[in-house]
Structure formats: structure tokens, C-alpha cells
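To start, the structure under review is shown below, and the notes come after it.
The values are calculated or read from the model by the stated rules, or taken from the named source; none is laboratory data. Computed from a prediction, not measured in an experiment: that's the story for all the values here. Neighbour counts run over all protein chains shown; Cβ positions are idealised from the backbone, glycine included. Just so you know, the surface numbers come from the protein's heavy atoms only, side chains and all, with ligands and any DNA or RNA stripped out. Shrake-Rupley method; radii C 1.70, N 1.55, O 1.52, S 1.80 Å.
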Amino acid sequence: MRENEILEREQLNDVVVKFVIYKPLVAQSARAGQFVILRGAESGERIPVTLVDWDAQKGTITVIIQSIGKSTFMFNSFKKGDEFVNVLGPLGTPIDIKKYGTVTVVGGGVGIAEVYPIAKALKQAGNKVVSILGARTKDLIILEEEMKGVSDRTLPCTDDGSYGQKGMVTDILKQTVQDGEKIDAGFVIGPIPMMKFTSKLMAELNIEPYASLNPIMLDGTGMCGCCRVTVEGKVRFACVDGPMFPARHIDFDELIRRTSEYKGEEKNAVEKYEKDHKCKIGLH
Ligand SMILES: Cc1cc2nc3c(=O)[nH]c(=O)nc-3n(C[C@H](O)[C@H](O)[C@H](O)COP(=O)(O)OP(=O)(O)OC[C@H]3O[C@@H](n4cnc5c(N)ncnc54)[C@H](O)[C@@H]3O)c2cc1C
Ligand code: FES
């Protein structure tokens, strides 16, 4: 086995792929809430992805990647036996795993993969775990069985009603609390607007909210300032101070603005990739 080699590849749906990678040093020290930075080519971008699972004995880590632009599309075309050029990590501050009481973990789309290690660690710490898994439609709900394995209750929901309850994660959370579930803390990962509204609702329902922020990152070690976010009026770097932050006072609108800053360049990069590889990605 070679360092950074892909040992397993599983297509979870049209746009999401699970990779098991040989990376013993990361596997030995990974903790819930941390991430790695991947590069797929010598001239490639540095792309942060969450450590979804790890096995210190086998020396493997698991990442789950959604094709969204040039680099993630390239990664998801990799096959078993291929290698990433770099796997840097573990990066970021691990989540504070302790006994909160009853916790909810809320994942949207590929965010379901990102909340899985958090649900697992919180369950092991003795919490009652209520997991809410949201997506636009049935095919985009991933890891349901794995989430059931680490949760006391698992509540899938889809915007179009094709699977689980019809509605958004905020509807399901509100209903669950109205039905009598008393929840002490909540952890949400997904698209930024979803994290914004879920965090706000959690605060209104007296649930201590935490959200994992996904600004554009470069070095991932606190040097470049690229991943700057504003939390409780203070500038924080998501790569070292986060990515999970207490979410009552996050400036989500600034995060939306900053992650949209390179839309033009991202569109051009996809178009050039399609031209060079004579393929149609069908994104953007
Ligand atoms: C801490 C963290 C953990 C993440 N975990 C996962 C994960 O487990 N699975 C997953 O599929 N995605 C994850 N992401 C998001 C992933 O990094 C982006 O989807 C990816 O960088 C997009 O690159 P691209 O070239 O394919 O797309 P592009 O077309 O370049 O970008 C699409 C969008 O992705 C975001 N983005 C672009 N470049 C970066 C970058 N260098 N860093 C962060 N965001 C960027 C921007 O919002 C951009 O608008 C995570 C992001 C962060 C910050
Ligand atoms: S990515 Fe450079 S400071 Fe966080």
C-alpha cells in the first residue's frame, strides 16, 4: 500500500463519492470535527474535506466528496488504486465532545457525511442523539444506515417529499421539539443558508447552536487569512479556530458574500476543464 493511495471507491449517488485512503499518520490522530486538505495534481488547488471516518489500525481515512466544481469533479473521477498528490492533516480544532444531554445533529446534502463523525463521538460520550438528515430529493440522502447506527432517532426529510418527511430540516426540528423532545445542543453542517436558518431556530428553541463553516481555504494552517469569518463580532480563522463555531452570532451573510467572490473564475475553470477533457460536467 502506498501513502495517499485510494483503497476503496464507492459512488453514493450521481454527484457524491466515498473514498477510503491509506494515510496512517492522519488516521492515528484524527478527531471529530477535523478535516484534511487534498491535492489531486502537482498544479492542483488545495481542497478542504472533512474527515468522515478513520481506522488507526488499518491506517485509513474516509472522505466523502460532492462534485461541485473543477477540483471536486477531478477527484471524483479517481479510481481505486489512484493516488492523491497530498493529503494534509488532520487540520482544524476538534469538536468539544462531552455530555450535553440530548443533542441534535443536522446534516444537509453532503453535510450528512460531515456530521456523521460528530454524531458518532457524541453518542460514544453518552448523549442521546437525534439526527435530522435533509436533502432536496431521495437520492441525495446519504449514509442513512450509518447515521442510524450512531443515533437514537434518525429523521430523514426531503424538500420534494420523495423520502422521509416532506419539508426542510427546520420544519422537522421545530416539529420534534413541539412533540416534546427536549434538546440541549445542536450541530449543523450543510449549505450556508441552511446553517443560518437552522442556527437561528435552534437559538429560538433554547438549543445551544453550533455550525461548521466552509469559507474558501488556502493553507489551512492560519497563515493566509483566506478563511476569515466573523463570529461574535470578532475575526476568526475557520481553519484553525474552527471550522465548528458557536452559532448564535455568526455573520452568515458575510460568509455567503465571501464564498461567492470567485464565481466567474470557478465557471471559467469548469469550462476549460470540460474543453481540455472533451467532456460535459453539467455544473454551474
Ligand atoms: C472545513 C471544510 C470542510 C469541507 N468538507 C467537505 C466534505 O467533506 N465534502 C465535500 O464535498 N466538500 C467539503 N467542503 C467543501 C469543498 O472544499 C468545496 O466544495 C471545494 O473546495 C470546491 O472546489 P471545486 O474546485 O470543486 O469547486 P469551485 O467551482 O472552485 O468552487 C465551488 C464552491 O466551493 C467553494 N470553494 C472553492 N474553493 C474552495 C476552497 N479552496 N476551500 C473551501 N471552499 C472552496 C466556494 O464556495 C465555491 O463557490 C469543505 C469545506 C471546508 C472549508
Ligand atoms: S486557510 Fe489560510 S488562514 Fe485559514
Short version: ³J(HN,Hα) in whole Hz for each residue of region 159-166, in order, from phi by Karplus 6.51 cos²θ - 1.76 cosθ + 1.60 (θ = phi - 60°), x for Gly and Pro, what are they?
4, 9, x, 6, 7, x, 7, 7
Once neighbouring chains are kept in place and the probe is 1.4 Å, which whole percent of the accessible area of the chain is contributed by carbon and sulfur?
49 percent
Classify region 152-284 as rounded, prolate or oblate from the Cα gyration tensor: take a ≥ b ≥ c as the square roots of its eigenvalues, call it rounded if a/c is under 1.5, otherwise prolate when a/b beats b/c and oblate if not.
oblate
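Would you mind counting up the charge near residue 245? Only other residues with Cβ under 10 Å from its Cβ, with Lys and Arg at +1 and Asp and Glu at -1. Walk me through the numbers before you get to the answer.
Details: positive: 236, 248; negative: 232, 241.
Overall, the nearby charge balance is 0.
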Helix 111-124 sits at what angle to the longest principal axis of the chain, using alpha carbons and giving 0 to 90 degrees rounded to 10?
60 degrees
Mean-square fluctuation maximum in Gaussian network of the chain, Cα pairs under 10 Å, restricted to 81, 40, 242, hits 81
Size of the dipole of the chain about the Cα centre, Lys and Arg at +1 and Asp and Glu at -1 on the beta carbon, nothing else charged, in debye to 20?
100 debye
Once both axes come from the Cα atoms, what is the angle between helix 263-276 and the longest principal axis of the chain, in degrees from 0 to 90, rounded to 10?
40 degrees
Take the Cα pairs of the chain, get the Kirkwood Rh, then feed it into Stokes-Einstein at 4 °C and 1.567 mPa s and tell me D in µm²/s.
67 µm²/s
Please give, to one decimal in nm, the separation of the simple spin-label points placed at residue 55 and residue 271, each 7 Å out from Cα toward the Cβ.
4.5 nm
From the square roots a ≥ b ≥ c of the eigenvalues of the alpha-carbon gyration tensor of region 214-279, which class results: rounded (a/c under 1.5), prolate (a/b over b/c), or oblate?
prolate
Cα gyration tensor, region 1-64 - rounded (a/c under 1.5), prolate or oblate:
rounded
Please give me the summed charge of the neighbours of residue 46: other residues whose Cβ is under 11 Å from its Cβ, Lys and Arg +1, Asp and Glu -1.
-1
What nm distance separates the two modelled labels at residue 83 and residue 257, each placed 7 Å from Cα along Cα→Cβ?
4.4 nm
Between region 1-70 and region 212-284, what is the separation of their alpha carbon centroids in Å?
19 Å
Dipole of region 91-189, Cα-centred, from +1 at each Lys and Arg C-beta and -1 at each Asp and Glu C-beta, to the nearest 20 debye?
280 debye
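So what is the accessible area of the chain per residue, in Å², with the probe set to 1.4 Å?
On a per-residue basis, 48 Å².
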Hey, what angle do you get for helix 192-204 against the long axis of the chain, alpha-carbon based, 0 to 90 degrees rounded to 10?
20 degrees
